[in-house]
Each structure stands twice: as C-alpha cells, then as structure tokens.
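The values are calculated or read from the model by the stated rules, or taken from the named source; none is laboratory data. Note that the structure is predicted; figures quoted are calculated from it, not measured. Here the Cβ positions follow ideal geometry from the backbone for every residue, glycine too, while neighbour counts run over all protein chains shown.
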Amino acid sequence: MTSDVFSLSPPRSPPGPLDGIGVIVTRPQRQAAALATRIGALGGTPIIWPAIVILPPDDREPLTRAHASLDRYDIAIFVSANAVEFGAPPQGQWPAHIVTYAPGPGTAEALAGAGIPNAQVPVTSFDSEGLLELASLSDVTGKRIVVFRGEGGREFLGNTLRARGATVDHVPCYRRVAPYSGADGLIEAMRDGRAHALTLTSSEGLDNLITAVGSVGRTLIERLPVFAAHPRIAERARDHGLRAIETAGGDAGLVAGLLDWFTGPPRSAATRSA
C-alpha cells in the first residue's frame, strides 16, 4: 500500500458487526484516531486518508493578543477540537469566570483535556445552529465573546451573536490546507475492493478528496455509500453525485450510520459484494 493512506488494525478479537468492512476515514490525522478506533473495535478496517491538513496560522499575533486579554471576555466559543488544540492557552491560564461553549462532545472533551472543563454543548444539533438554540445564548446583550476558529470560518455564528447584542472577536488559531500527498493508495484500496464506505466530516475535505482522486477515483467513490456528519456535508456530497447518507453527527453518528447500513438486509449483502 502506498504511503498516502494507512490502516489501523486492532488486536485480534471475535468478529464484530463491521467484520470485513473497510471504512475510509477522512478526518485530519490527529482527529482520525478516535473514529478509526471505534471502527476497529467493531471489526471494521479503518482506511485513513486525511482530507485536510491542519497547521498553525501564518500570523500568530491575533491569538497571542487574545491570550493576553482573556480576562476581558465573558464567553468563549471553540468551534472544533482543532480550535482547542491550536487555540487554547497553556493549562492554568484560563480565567474561571469565562463561560465556555463547544459545538459538540468531541470539542468539549478536548477542552476538558486542555484544562477548560464544563463546556456547554448544544442538544439539538452539534453545530453553530445548535449552539444558538441554547437558552444561555439567546440574550447576550453587553457580553464580550471570543470565538476561536480556523482561518476563513463561517460568519453565521458571530453575526448572529452580534445581532443579539454581543461584542464578538474572531480569533483565527489554525488554517486548513489540502493534503500534500496524492491519493494513489486510496484509489488502490477502492479498486481492490478493500474499501466499502466513505465517511465525511467536512465539505472542504470532500472537495479536496474529489480533486485528489481525479476522474478514476471519483468513479470508484460513486459506488460507495458516503456517510456525512452534517446536512451541509451530505448536500455537498450529493452535489458531487455521491450516494450520501446523513448521520446524527460526530463520530458516534457516523458509527451508528455504518452499523445501520451494514447490518440490515438487504443492502448489506449488496454493498459487501460491490
């Protein structure tokens, strides 16, 4: 197998419900391990091809200024685990008075690991829309809010909070770039019948993937069920002509979608033999 793709094989154990199923994981490399481990624990074979590379920002000055002035904020929002990894200050430097929010349990877990516990998480959907439905963010008049995010992130969250009366500062703490390597190994895995499903956690990552695999790889991807972690990602996948299955969100939702697809007749048999 070429170097652009790799699999994580769990220790030998009794066959699980995903036994014999190869699942392409496109999360950035550091975040891919958790999903790959879940797939492996169920008997599947994770095939990791990070569709986005996460790097520090070109200009670190805004982040440095934000860390130096944390005391002036009432609320902090970290938009992803990447925002925590690249944007959280050293442990012990987080002001206790700041109310912290995360769009999902994975980001909240990353915050706890960075010494920022008790992040509030939405209950309706794990995204900006879900955050904005929280009662505690319905009226933020006079509040100062800092949003840690990637370069070029969506403006929807910040604009809505401003409309509700807050002062909002966006702090870019990481940047996303397309993979440096090609996708020959991924194409080989699909052509050889070792890949049976594709998981997506980013519309940008999907676009990078489609560009990397070219026309030959795209034809192979079109044969696979594609599990999307958000309605916007599913819509983007359908725009590319892919067979998108929208899941409940996060790694747990992706795994639930895989289990539903591959353990229920008759499509499981059809997909296994594709």
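Six or more apart or on different chains, Cβ under 8 Å: which pairs go from a residue in the stretch 24-39 that's farther than 10 Å from ASP251 by Cβ to one that's in a helix (DSSP H, G or I) and among the charged types (D, E, K, R)? Could you list them? Going by the 8 Å Cβ cut-off, the qualifying pairs are ARG30/GLU85.
Is it the case that ALA212 is assigned to a loop (DSSP other than H, G, I, E, B) and under 18 Å from ALA51 (Cα atoms)?
Values: assigned to a loop (DSSP other than H, G, I, E, B): no; under 18 Å from ALA51 (Cα atoms): yes.
Criteria not met by ALA212.
If only residues of the stretch 62-111 that are more than 15 Å from the chain's Cα centre (by Cα) and among the β-branched types (Val, Ile, Thr) are counted, the one that is surrounded by the fewest Cβ atoms within 10 Å (Cβ to Cβ) is THR64. Taking each residue of the stretch 70-89 that is modelled with pLDDT under 95 and looking for partners that are β-branched (Val, Ile, Thr) with beta-carbon atoms closer than 6 Å, six or more apart or interchain, yields SER80/THR107; ALA81/THR107; ASN82/ILE54.
In the stretch 241-263, of all residues being closer than 23 Å to ASP127 by Cβ and touching a Ser or Thr at 6+ places or on another chain (Cβ under 6 Å), the one that is surrounded by the fewest Cβ atoms within 10 Å (Cβ to Cβ) corresponds to GLY253.
For the stretch 112-160, residues that are free of Cβ contacts under 8 Å to residues at least 24 places away in the same chain, under 22 Å from HIS67 (Cα atoms) and surrounded by 17 or more Cβ atoms within 10 Å (Cβ to Cβ) total 1.
Any residue that is assigned to a helix (DSSP H, G or I), free of Cβ contacts under 8 Å to residues at least 60 places away in the same chain, outside the structural domain of ASP127 (by TED's automatic domain parsing) and closer than 22 Å to GLY104 by Cα - is there at least one of those in the stretch 220-229?
To start, the set of residues in the stretch 220-229 that are assigned to a helix (DSSP H, G or I) comprises 220-221.
From the residues that got through so far, the ones that are free of Cβ contacts under 8 Å to residues at least 60 places away in the same chain too are 220-221.
Then keep just the ones that are outside the structural domain of ASP127 (by TED's automatic domain parsing); that gives 220-221.
With the extra rule that they be closer than 22 Å to GLY104 by Cα, the set shrinks to none.
No, the conditions are met nowhere in the stretch 220-229.
Here ALA256 fulfils each of the conditions (1) at pLDDT 95 or above; (2) of a type in the set (A, V, I, L, M); (3) touching a helix residue (DSSP H, G or I) at 6+ places or on another chain (Cβ under 9 Å) apart from (3).
Can you spot a residue in the stretch 159-169 that is part of a loop (DSSP other than H, G, I, E, B) and not hydrophobic (A, V, I, L, M, F, W, C)? Looking through the stretch 159-169, at least one residue is part of a loop (DSSP other than H, G, I, E, B) and not hydrophobic (A, V, I, L, M, F, W, C).
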